[in-house]
1. What distance in nm lies between label points placed 7 Å from Cα along the C-beta direction at residue 77 and residue 37?
2. Long-range amide H contacts for residue 36: which residues qualify at under 5 Å (H placed 1.01 Å from N, peptide plane, sequence gap of 5 or more or a different chain)?
3. Assuming R0 = 25 Å, what is the FRET efficiency of residue 90 and residue 17, from their Cβ-Cβ distance, to the nearest 0.05?
Amino acid sequence: MLKLPPGTRIFMAVAPVDMRRSFSGLCTIITETLGANPIGGDLFLFRGKRSDRVKAIIWDRTGLAIWYKRLERGKYKWPSPDADSMELTEQELALLLDGVDFTRIRRLPAFALHTPQHESRE
């Protein structure tokens, strides 16, 4: 699993990419297709055509780093939204990298404490 600095945003490119791409090629996709800054500190995630490999690229304040994983069995379940990319939580990233289809997991509504409103009596 990747250890990310606090506040790191995680973006997943929706379309598959050529897994032979390295630093320059992935940075080109980040700037031209996703419209983002590759050295902004965000993590960008890419998949290959066969959906059995993922690459992640991140700027760590001293340079770019690439992380690469190949599943020995099965395929990564990649969502297909209408946009070029989507943002993930760290939990969704962990599930994805473990081979779990996180797109089928239903999240319960978040709890929100309602503060009583003061009624004005005149």
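Bear in mind these aren't lab numbers, they're just calculated from the coordinates by the rules spelled out. Computed from a prediction, not measured in an experiment: that's the story for all the values here. Here the Cβ is made from the backbone with ideal geometry for all residues, glycine too, and neighbour counts use every protein chain on show.
1. 3.6
2. Correct list: 31.
3. Details: r = 22 Å, r/R0 = 0.89.
Efficiency, rounded to the nearest 0.05: 0.65.
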